[in-house]
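Okay, structure first, notes after.
The values are calculated or read from the model by the stated rules, or taken from the named source; none is laboratory data. Owing to the predicted nature of the structure, the values given are computational and were not obtained by experimental measurement. Neighbour counts are summed over all protein chains in view; Cβ atoms, including those assigned to glycine, are modelled from backbone coordinates with ideal geometry.
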Amino acid sequence: MTQYSRARHKFKRCRRYNEPGHAHALTFSCFRNRPFFSSDRSRRWFVRALEAARDRHAFDLWAWCIMPEHVHVLILPRRNEYSISAILKTLKQSVSRVALEHLRDTRSQAMHLLEDRQPNGKVSYRFWQRGGGYDRNLMEPATVFAEIDYIHANPVRRGLCERPIEWAWSSAREYVRAGSGMLRLNLESLPMSVDG
């Protein structure tokens with residue numbers, strides 16, 4: 001096995017199931033798990049991209065969280081025919097484009113952090129880790145609510161805050177009081193809670 005085929009082999013293929021009525025729990029990471037979302041500026045890039053992707057691809061947003069080196073998003077596509085790959089492409093390309101423009105415009109020394117040098121010597125710049133990330137279809141209300149809790153608890157588990165609502169870069173505040181977070185959620189389409 002050559003070095004190139006070993007490198008290609010280690011990236012898992014993410015199988016996507018675009019099933020009408022299924023919610024999708026999506027997780028994707030920054031290139032080499034670097035903390036590209038450590039600044040409010042880059043976090044705002046993602047918030048804007050998420051809002052634009054929701055408008056373009058017609059999905060309901062149920063939960064989201066930006067961590068320093070990855071993001072979580074829980075969505076419900078509204079169309080019977082949709083493509084999670086297309087949604088992710090819209091999200092990722094938008095953030096990558098803005099990040100690269102910013103780094104080039106400011107002549108930032110940080111450009112090397114995005115450098116991806118291939119075995120053949122070709123260099124490209126990446127904001128996101130290669131591969132499809134993590135995509136899980138959710139159908140049962142209990143699983144949906146467990147995923148929302150998991151997403152909101154991420155910053156607490158990492159020691160970034162003591163309670164989920166203290167982390168501004170997630171949807172946790174919207175569950176406490178509508179309009180208090182950065183993005184409006186589509187809670188009207190959530191399934192009935194397991195408690196009734």
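What to note about this one:
- Among the residues examined, residue 195 does not qualify as touching a Cys at 6+ places or on another chain (Cβ under 7 Å), modelled with pLDDT under 95 and not β-branched (Val, Ile, Thr).
- Residue in region 130-153 that is basic (Lys, Arg) and either touching a Lys or Arg at 6+ places or on another chain (Cβ under 7 Å) or surrounded by fewer than 14 Cβ atoms within 10 Å (Cβ to Cβ) (or both) present: no
- Candidates are the residues of region 164-195 that are of a type outside the set (A, V, I, L, M, F, W, C) and within 17 Å of residue 59 (Cβ to Cβ); the one that is surrounded by the fewest Cβ atoms within 10 Å (Cβ to Cβ) is 188.
- The lone exception for residue 74 - which of (1) touching a helix residue (DSSP H, G or I) at 6+ places or on another chain (Cβ under 7 Å); (2) surrounded by 19 or more Cβ atoms within 10 Å (Cβ to Cβ); (3) of a type outside the set (S, T, N, Q); (4) not in a strand (DSSP E or B) it fails: (4)
- Subset of region 49-90 that is out of contact with any Phe, Trp or Tyr (no Cβ under 8 Å at 6 or more places or on another chain) and among the basic types (Lys, Arg) - its residue that is farthest from residue 25 (Cα to Cα): 56
- Apart from one condition, residue 51 fits all of (1) modelled with pLDDT of 95 or more; (2) buried (at least 21 other Cβ atoms within 10 Å of the Cβ); (3) assigned to a helix (DSSP H, G or I); the exception is (2).
- In the set (1) basic (Lys, Arg); (2) under 30 Å from residue 190 (Cα atoms); (3) exposed (fewer than 15 other Cβ atoms within 10 Å of the Cβ), residue 104 fails one condition alone, (2).
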